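The values are calculated or read from the model by the stated rules, or taken from the named source; none is laboratory data. Only a predicted model underlies this, so the values are computations on that prediction, with no experimental measurement involved. Every residue, glycine among them, receives a Cβ derived from its backbone with ideal geometry; neighbour counts consider all protein chains shown.
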Amino acid sequence: MNNMKLPYFPLYAGDFSLGTEELTNAETGAYIRLLIHQWKNKSLPKVLTGKLVCYLDEWPALEQYFPLCSDGRRRNPRLEEERQKITDRREKQRLGGIKSAESRKQPTKLLTKQLPKSPPNIAESYSESQSEEDSKKKKDYSEEFELFWKVYPKKIGKRKAEEAWKKLKPPLQICIQQLEAMKKSEDWLKDSGQFIPHPTTWLNGGRWDDEKPKEDTRQVGKLPTYKADDKPLTAEEQAKTDIARKQALKDVKEWGKKHTAKPRKNLTN
């Protein structure tokens with residue numbers, strides 16, 4: 001890459017104008033020509049020869065821009081700095097392209113290792129086991145907890161909240177009733193719901209057993225829902241969440257009907 005010839009060099013108008021303001025038009029033209037020669041050949045000779053002799057008249061004013069280097073050749077330092085910048089940038093892009101191409105190929109290699117050459121039935125069983133694992137992940141949370149989660153307004157720390165739910169085994173319907181009451185309370189409605197506790201905190205505190213709070217009729221309907229990053233939802237997200245919450249309340253009622261113990265029949269004669 002370092003040996004590749006670069007077809008262009010940057011010319012910064014402000015810097016160039018400021019640095020050559022004392023030069024005549026002829027000297028400025030000669031200066032540009034000598035820069036081009038250095039860019040193509042990486043240096044100028046110590047003494048202008050060959051095609052460069054035509055700039056001998058302007059050379060006394062331009063020699064300061066091309067100091068003599070340790071190898072006996074002349075170079076404009078700023079031009080070589082720009083050459084190195086472009087070279088480094090191109091090399092970085094080249095290496096980035098190689099890395100990106102390798103990362104795109106990697107999943108195919110991994111899949112080949114996971115699925116060795118075998119009859120079709122082995123590959124099928126592998127696929128089935130994968131789908132079973134996926135379905136287990138989807139069903140990781142219990143039905144009761146999922147209903148609680150849909151209704152709770154601050155959706156933060158789901159995994160920890162589910163652990164607390166398993167440990168405490170709170171009564172779902174009482175939890176929902178308490179949550180619906182808290183959503184209309186002053187404590188949860190003030191300051192855009194900033195004081196709503198995280199669901200894990202609420203569960204660990206056994207807050208479903210609290211007394212029903214007094215309803216704040218001035219702000220009913222203004223309770224926001226919070227995302228995992230502790231920021232309120234947008235208006236569109238809030239509308240979707242409200243619909244999901246209403247559906248969850250219906251689901252809780254259905255769940256209650258299914259899980260309410262039926263009265264035993266009187267077996268006495």
Exercise. Residue check: is Glu27 surrounded by 15 or more Cβ atoms within 10 Å (Cβ to Cβ) and among the acidic types (Asp, Glu)?
Worked result: yes
Problem set entry | Residues that are in a loop (DSSP other than H, G, I, E, B) and closer than 15 Å to Gly206 by Cα, drawn from the range 138-181 | Tyr152, Lys169, Pro170, Pro171
Seminar exercise, completed: Within the range 219-269, the residues that are modelled with pLDDT of 70 or more and part of a loop (DSSP other than H, G, I, E, B) are Thr234
Exercise. Here are some conditions: (1) modelled with pLDDT of 90 or more; (2) of a type in the set (Val, Ile, Thr); (3) over 22 Å from Phe145 (Cα atoms). Ile176 meets all but one. Which one does it not meet?
Worked result: (3)
Exercise. In the same structural domain as Thr20 (by TED's automatic domain parsing), assigned to a helix (DSSP H, G or I) and over 26 Å from Ala26 (Cβ atoms) - does that describe any residue in the range 73-81?
Worked result: yes
